[in-house]
1. Quick one: is Leu31 farther than 12 Å from Ile97 by Cα, in contact with a Leu (Cβ under 9 Å, 6 or more places away or on another chain) and aliphatic (A, V, I, L, M)?
2. For residues in segment 102-115 being touching a residue at least 24 places away in the same chain (Cβ under 8 Å) and out of contact with any Gly (no Cβ under 8 Å at 6 or more places or on another chain), which is farthest from Val4 (Cα to Cα)?
3. Filter the strands (runs of 3 or more DSSP E) completely within segment 1-83 down to those with at least 3 residues that are crowded, with 18+ Cβ neighbours inside 10 Å.
4. Out of the residues in segment 84-103 meeting the condition of being charged (D, E, K, R) and not in a strand (DSSP E or B), tell me which one is surrounded by the fewest Cβ atoms within 10 Å (Cβ to Cβ).
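The numbers here are math on the coordinates, done by the rules we state, and not lab data. Just so we're clear, the structure is a prediction, and the values are computed from it rather than from any experiment. Virtual Cβ from ideal backbone geometry, glycine too; neighbours counted across all protein chains shown.
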Amino acid sequence: QVHVVESGGGLVQPGGSLRLSCTASGSIFSLNVMGWYRQGPGKQRELVAQISSLGSMNYADSVKGRFTISRDNAKNTVYLQMNSLKPEDTAVYYCNIKMPSSEVWGQGTLVTVSS
């Protein structure tokens, strides 16, 4: 069984920065994709960014140039550095791990961008 713990959400002013972290523990297959999704008020959950265990990345168009995803395979941890935050980035951010035969979601961490 795999568990994930997210941290780093909070309240930030427009133009500010936050860094989210997600650490996984348990039976983690070495080949996996770790990523972040978000769900804003009244919106569907959407992919923000993801990174494979081999280092390939992809981002939602809305965050390209502002957000950076990275991972530390030794720590089973994925990070999301969010810069130049906008009010429309306000959402619950969920960590996600995809493995060949399973998928795990975190409990979510709230990011609020407001003045």
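1. On the way: farther than 12 Å from Ile97 by Cα: no; in contact with a Leu (Cβ under 9 Å, 6 or more places away or on another chain): yes; aliphatic (A, V, I, L, M): yes.
No.
2. Out of the qualifying residues, it is Ser115.
3. Answer list for segment 1-83: 18-26, 33-39, 46-52, 67-72, 77-82.
4. Glu88
Conditions (1) more than 16 Å from the chain's Cα centre (by Cα); (2) touching a residue at least 24 places away in the same chain (Cβ under 8 Å), marked per residue:
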position	(1), (2)
His3	no, yes
Leu20	no, yes
Gly26	yes, yes
Gln39	no, yes
Gln44	no, no
Arg71	no, yes
Asn96	no, yes
